[in-house]
Every structure is written in C-alpha cells, then in structure tokens.
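Shown next, in structure tokens, is the structure this report addresses.
The values are calculated or read from the model by the stated rules, or taken from the named source; none is laboratory data. Computed from a prediction, not measured in an experiment: that's the story for all the values here. Here the Cβ positions follow ideal geometry from the backbone for every residue, glycine too, while neighbour counts run over all protein chains shown. These accessible areas exclude ligands, DNA and RNA; they are computed on the full protein's heavy atoms, side chains included. Shrake-Rupley method; radii C 1.70, N 1.55, O 1.52, S 1.80 Å.
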Amino acid sequence: MQSTIESQLGSDKRETAPSPTLRDMLKDITIPPRPSSLVDLKLELERAEPRIDRLVAIVNSDVAMSAALLKLANSPWLGMSRRIGNVSEAFNIIGFKRCEHILTEIALRKVLPTDGPALFRFWDVSSKRSQAMGMLAHRVGVDPETAQTMGLFADVGIPLLAQRFTQPSYVETLVEANRSELAFTQVEQERHATDHTVIGSLLARSWGLTQDIANAVKLHHDYDYLKEGATSVVHELIALCLVVEHIIQRFQGLNNHAEWAKGAELAMQTLAISRSDIDNWADELHERFAGDQ
C-alpha cells in the first residue's frame, strides 16, 4: 500500500512539524512502497546462510528485473574479467550485497515517475553518482555499500515533486535552484513549501534504509552542517556526494557548478582531501563514465 507524505512526516533531524497548509499541499504525494521482491530478497539475505536458489527464484520471477540485473552486472563499473550469463552467476561472482544494490536501483527506476525530457538526465546522474561514491568510499574511510546507496537515493525526491507541482512548475524551480546563490533547498522551499531532500529522506526511511543514509539525504545541501560537531558518517556522505557531483559536472562539461562553489572547501576539509586528489579521482572516474556510454 502506498503511504502519503502526510502520514510519514515526523521528527527527522532538523525537521520541524509541518503547518496544516503544508500538510494539505503534500497530502497527495505518495511514497512508492518498497516492492515485495526487494522485501523477499532482504529477508533471504538476512538468513545466516542465504539460499542461492531462493535468491535466483525471487529475481527470475520478474523477467525485466533479471534482464536489468545482468545488464548492469556486465557494465564496465564492475570490471568483470568474463561476461556474467545468468542470475546465479551474478550472485556468486559479484556478491549478494552488490546484487541487492543493483536490484534496488532497478526497482527505483520502475516506481519513480521520471518520464519526459526535463528529467532525462535524472537516472544518468543518479547511477553515475551512486557507482562513483561506492568506488571512492574506501579512500575516505566510508563503507562502500552505504555510500553507494546514499548516492542512489540522494535525489529521489526530485521526480516525485516534479509530478506533484506543475503550477508553479517544479522543473522551472530546478533550473533556478541550480544557478542560484541561495541554498538549493531554500529556492525549493520558497516556491513549494517543501524540498526534494525532505521527500527523499522519507522515501529512504520507508524503504528500510539506515538512519545515517536518511539523514545524509535530508542534509546533503546543508553545507553548514559540515561545520557542526565531530565528523560522522553523515558528514562524510554529504561531503563525498558533493565531490562526486562536481566530478560528474566536469565530465559533462559543466564547469560552473553552483553547489561546488557553496560547499567545496567544507567538503574537502571533512574528507581531508585536496584539489589534487579530486583531479586524480576525476581522471579515473571520467574514464569509467566514458566506458559506460
């Protein structure tokens, strides 16, 4: 059953209780439920000894899902020495957790409304960000699975808001927010009384992700948060997300990255890295990006 935003608005970090007007505005935004196939997959993976035949059966019950798993499993990102030919091989060769992540991305693609030219870049960027964060995570002391998942879910609120708000147009809001000197979420809040990080963190919670990931999704445009307290996983995820976004922008020839101008120094301080490190990572990632096209 789909659950409305109204029923899930709660006590996230830095989240205040919504006004009645906001509740009315958001009452018809629905959080897509986690597909039953992912629930079944998670339950099997939590067994002391997951049964490979059961995992294969869950994936093969959806032909589109099994085909997409094999396509992504054979992408240049994974660097397999030989082609993976079936779902059983995918689980055995690339591992349970990586397969679970790939299947989560496939499930999100199926449930999020991302049709239309205005959002054609959404999945390209989301997929690149997720894979790149997973690849770089161990270099800054972050768990790769956590980083990859946060990268995938960071902007999932965008297509939901684009579907909900047509007057004023949320797509026009995105254009403005991407070039504004104001905080990205401030532009969204001023036009729609909510923002994609609020919606994204609610979806992350609904799909059973950790509180660290949900908080990182909620705060990933709040660079002042990087100044607060001792460095935590949430701080590191926010900083790594921004670094990877910057590298993706450079790959696409978009060198004037407004978000990077707002948070670059804080992100580098949080991760204890230099601009030289970022240049080296960019060279490495750009080669991967080019190979995946």
### Message
Which residue, Ser66, Met268, His196, has the largest displacement toward the positive end of the dipole of the chain when charges sit on each Cβ (Lys, Arg +1; Asp, Glu -1)?
### Response
Ser66
### Whole-number percent relative contact order across segment 76-191, with pairs defined as alpha carbons under 8 Å at least 6 apart
18 percent
### Query
If you average 1/r over all unlike Cα pairs in segment 105-163 and invert the result, what Kirkwood radius do you get in angstrom?
11.9 Å
### Message
Just want to confirm a number: the relative contact order over the chain, from Cα pairs under 8 angstrom separated by 6+ residues, in percent.
### Response
15 percent
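Hey, any idea what % of segment 191-256's accessible area is carbon plus sulfur with a 1.4 Å probe?
Values: 960 of 2210 Å².
Carbon and sulfur: 43 percent of the exposed surface of segment 191-256.
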### Message
What is the distance in Å between the Cα centroid of segment 181-202 and that of segment 228-293?
### Response
21 Å
## Note on the structure
Here the chain gives, from Cα atoms, an Rg and Dmax in Å of 18.9, 57
### Query
Residues of the chain: accessible area per residue at 1.4 Å, in Å²?
46 Å²
### Query
If the viscosity is 1.306 mPa s and the temperature 10 °C, what translational diffusion coefficient in µm²/s does Stokes-Einstein give for segment 133-284 when Rh comes from Kirkwood over Cα pairs?
101 µm²/s
### Message
Please list 3J(HN,Hα) in residue order for segment 162-177, calculated via the Karplus relation 6.51 cos²θ - 1.76 cosθ + 1.60 where θ = phi - 60°; whole Hz, with x for glycine and proline.
### Response
5, 6, 6, 10, 10, 9, x, 6, 5, 4, 5, 4, 4, 4, 5, 5
